[in-house]
1. Anything in segment 248-261 that is touching a helix residue (DSSP H, G or I) at 6+ places or on another chain (Cβ under 9 Å) and either more than 11 Å from the ligand (Cβ to nearest atom) or open to solvent by 50 Å² or more (accessible area, probe 1.4 Å) (or both)? List them, or say none.
2. Filtering segment 192-216 down to residues that are open to solvent by 70 Å² or more (accessible area, probe 1.4 Å) and in contact with a strand residue (DSSP E or B) (Cβ under 8 Å, 6 or more places away or on another chain), which residue is farthest from the ligand (Cβ to nearest atom)?
3. Condition test on residue 223, is it open to solvent by less than 20 Å² (accessible area, probe 1.4 Å) and either near the ligand (Cβ under 10 Å from one of its atoms) or modelled with pLDDT of 95 or more (or both)?
4. If you go through segment 229-240 one residue at a time, do you hit one that is under 20 Å from residue 3 (Cβ atoms), within 17 Å of the chain's Cα centre (by Cα) and more than 10 Å from the ligand (Cβ to nearest atom)?
5. Which is over 21 Å from the mean Cα position of the chain (by Cα) and of a type in the set (Val, Ile, Thr), of 66, 85?
6. Do you know which residues across segment 30-84 are small (Gly, Ala, Ser) and either part of a strand (DSSP E or B) or surrounded by 16 or more Cβ atoms within 10 Å (Cβ to Cβ) (or both)?
7. What's the number of the condition residue 189 fails, among (1) assigned to a strand (DSSP E or B); (2) near the ligand (Cβ under 10 Å from one of its atoms)?
8. Tell me, which residue of segment 270-290 that is out of contact with any Lys or Arg (no Cβ under 8 Å at 6 or more places or on another chain) and open to solvent by less than 30 Å² (accessible area, probe 1.4 Å) is farthest from the ligand (Cβ to nearest atom)?
Amino acid sequence: MAPQTASLLNGKALAQKIQLELKASIEQLQPKIGRPPGLAVIMVGDDPASAVYVRNKERACAKVGIASFGRHLPHQSSQQEVESIIKELNQDERVDGILVQLPLPAHLDTVSLLLAIAPDKDADGLHPMNLGRLVRGEKGLRSCTPAGVMNLLEEYQIEVAGKHAVVVGRSILVGKPLALMLLEKNATVTIAHSRTPDLGAMTRQGDIIIAAVGKPLLITGEMVKPGAVAVDVGINRIIRPDGASQLVGDFHFDSVAEVANYITPVPGGVGPMTVAMLLQNTVLSYGQQV
Ligand code: NDP
């Protein structure tokens, strides 16, 4: 096997750096505001993966000095019950950011719950008002995972303007807002999805390829242009032939790392950046109090 030539885009290290910066800015702001920033994560039900994500977010909050006002509601909670908690948190002056952990149980209407969050407390950047601001290129709270990808590219001084960026995946959570952010930075953007007939033909054109699909090892080295930048948003759990479980992305890491210039690891790439951007959005809203 040819050796790995790609350099790693280390999201874990950058997330730690951002958290230190946030901690310092909270220490500066707190005497003026008279309270720490607050983030409320609402979780409905007992999805084990969501529970891990919520725990990670609350741990990261504690590290930088953000108070957590998490609410864990039973699976059978009604739309009205969840909505009234969101409204209560909208009014709570100790809370700067509100996040509804997705996915929600099927009987709940996600879109109308996201709409209930006050747009200036929308720490996940998924309220239609904030998505609309992104479409218009106006300031606003940006969705965390795509913002994390953009920060990672910037940290490694990867030029986006004039480059061909191929985004694989078109979800409202990742693919679509990411395509808009790349466009805002003057990339030429192609979005591929499950109905794209020849995915390899698309990805081979990309100077920057971002995979946000959720299909393990979908994109292999031969689908990547030599010298490209490969950013892997996908998180997939697979069972290896020896029976052990492993987290992998949407890229076939070994073969892509042979041809790309840069690649994100999974785990340790985009995942930690998502959490860092959530904290950053909360501190941004908090700073508006001054
Ligand atoms: P969705 O399931 O909402 O979207 C997946 C997208 O991939 C869809 O647009 C779908 O197309 C497209 N797709 C599916 N199969 C193919 C295929 N064979 N070829 C090309 N495109 C395909 O997922 P999310 O956007 O929510 O998440 C994507 C991945 O990112 C998941 O693994 C998730 O766990 C991970 N994730 C990671 C985060 C992080 O912090 N690192 C945060 C959020 C998500 P179509 O629209 O046509 O169905």
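1. As a first pass, look at segment 248-261 and keep what is touching a helix residue (DSSP H, G or I) at 6+ places or on another chain (Cβ under 9 Å): 249, 251-252, 254-260.
Result: 251, 252, 254, 255, 256, 257, 258, 259, 260.
2. Taking segment 192-216 as the starting set, the residues that turn out to be open to solvent by 70 Å² or more (accessible area, probe 1.4 Å) are 194-195, 197-198, 204-205, 215.
Subsequent filtering for residues that are in contact with a strand residue (DSSP E or B) (Cβ under 8 Å, 6 or more places away or on another chain) retains 205, 215.
On the way: 205: 15, 215: 5 Å.
Looking at the filtered set, the residue picked out is 205.
3. Considered against the rule, which asks whether it is open to solvent by less than 20 Å² (accessible area, probe 1.4 Å) and either near the ligand (Cβ under 10 Å from one of its atoms) or modelled with pLDDT of 95 or more (or both), residue 223 comes out as no.
4. Initially, segment 229-240 is screened for residues under 20 Å from residue 3 (Cβ atoms), giving 229-230, 232.
Filter again for within 17 Å of the chain's Cα centre (by Cα), leaving 230, 232.
With more than 10 Å from the ligand (Cβ to nearest atom) added as a condition, the list becomes 230.
Looking through segment 229-240, at least one residue is under 20 Å from residue 3 (Cβ atoms), within 17 Å of the chain's Cα centre (by Cα) and more than 10 Å from the ligand (Cβ to nearest atom).
5. Details: 66 fails: over 21 Å from the mean Cα position of the chain (by Cα).
Of 66, 85, the one residue that is over 21 Å from the mean Cα position of the chain (by Cα) and of a type in the set (Val, Ile, Thr) is 85.
6. Taking segment 30-84 and keeping what is small (Gly, Ala, Ser), we get 34, 38, 40, 45, 49-51, 60, 62, 65, 67-68, 70, 77-78, 84.
38, 40, 45, 50, 60, 65, 67, 68, 70, 77 - these are the residues of segment 30-84 that are small (Gly, Ala, Ser) and either part of a strand (DSSP E or B) or surrounded by 16 or more Cβ atoms within 10 Å (Cβ to Cβ) (or both).
7. (2)
8. Ranking the qualifying residues of segment 270-290, first place goes to 287.
The values are calculated or read from the model by the stated rules, or taken from the named source; none is laboratory data. Remember, it's a predicted structure, so these values are computed and weren't measured experimentally. When we count neighbours, we look across all protein chains shown, and the Cβ atoms used for this are built from the backbone with ideal geometry, even at glycine. All accessible areas refer to the heavy atoms of the entire protein, side chains included, with ligands and DNA or RNA removed. Shrake-Rupley method; radii C 1.70, N 1.55, O 1.52, S 1.80 Å.
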